[in-house]
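First comes the structure, then the notes that go with it.
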Amino acid sequence: MKIILLIVCMFITACSSMTVSEKETKRSELDKMAAKAIAGLVEKDAAIQQELDDSLGYAVANMKLTKVPIVGAGGGEGVVFIKAGEKKIYFTVSRFDLGGGWGVRSYKALMVFNSQEVLDNWQDGKWEFQAGAEASAGTASAEGSSSGLAQGFTIHVLSDGGASATVTARVIRVRVNRELTDN
């Protein structure tokens with residue numbers, strides 16, 4: 001019985017990996033999403049381009065979030081551009097919120113790294129706890145969080161749409177997508 005279960009698990013795992021073509025398509029989609037998000041943010045605030053030029057690297061994530069009165073969950077995926085060695089790391093993000101609020105929204109988040117320690121910790125997929133407040137309607141949004149007190153990075157948000165208003169504690173987990181990232 002154990003051998004059958006092992007064979008089934010191996011079969012399922014083998015079937016779940018992406019082909020080379022699928023990987024390239026997914027990477028291309030994430031690269032294009034990041035370029036478009038950065039262009040949109042720079043169009044709204046030209047100073048962001050200088051911030052990117054002066055940074056050690058940056059990450060762009062495509063996020064979706066659903067919040068009901070007490071709990072919320074969301075996630076996304078994106079790409080980190082590390083200037084040293086011109087390296088790209090693809091990632092997934094999971095987010096869990098606990099607190100007041102209501103809404104559904106999608107947005108692009110740009111995180112600009114100015115500290116090697118912050119960049120290293122972020123790449124390693126560290127859990128991050130933060131309290132925050134967000135409000136959005138359509139493509140307009142405003143956010144504030146305890147993470148803004150940290151040194152070494154800045155975050156810019158480009159809202160895609162939806163509407164929400166929340167005050168929450170949130171846990172965010174970033175994981176390197178090993179299937180898309182070249183080692």
Of (1) modelled with pLDDT of 85 or more; (2) in a strand (DSSP E or B), Gly132 fails just (1)
Residues being free of Cβ contacts under 8 Å to residues at least 40 places away in the same chain and in a helix (DSSP H, G or I) - total across region 37-75: 7
Of residues in region 158-175 being surrounded by fewer than 17 Cβ atoms within 10 Å (Cβ to Cβ) and under 30 Å from Lys26 (Cβ atoms), the one modelled with the highest pLDDT: Arg175
Within region 76-122, residues being in a strand (DSSP E or B) and not aromatic (Phe, Trp, Tyr) number 27
Starting from region 11-31, keep only residues that are loosely packed, with under 10 Cβ neighbours inside 10 Å, then list their pairs with residues that are of a type in the set (D, E, K, R) and at pLDDT below 95 whose Cβ atoms are within a distance under 8 Å, requiring at least 6 positions of separation or different chains. Ser17/Glu179
Within region 159-178, which residues are part of a strand (DSSP E or B) and either under 12 Å from the mean Cα position of the chain (by Cα) or under 15 Å from Lys108 (Cβ atoms) (or both)? Ser159, Asp160, Gly161, Gly162, Ile172, Arg173, Val174, Arg175, Val176
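Table: residues versus (1) within 10 Å of the chain's Cα centre (by Cα); (2) buried (at least 19 other Cβ atoms within 10 Å of the Cβ); (3) under 16 Å from Arg178 (Cα atoms); (4) not aliphatic (A, V, I, L, M).
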| residue | (1), (2), (3), (4) |
| --- | --- |
| Val79 | yes, yes, yes, no |
| Glu86 | no, no, no, yes |
| Tyr90 | yes, yes, yes, yes |
| Val93 | yes, yes, yes, no |
| Asp97 | no, yes, no, yes |
| Trp102 | no, no, no, yes |
| Ser106 | no, no, no, yes |
| Leu110 | yes, yes, no, no |
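The values are calculated or read from the model by the stated rules, or taken from the named source; none is laboratory data. Just so you know, these numbers come straight off a predicted model, no measurement behind them. Note: ideal-geometry Cβ built from the backbone for every residue, glycine included; neighbour counts use all protein chains shown.
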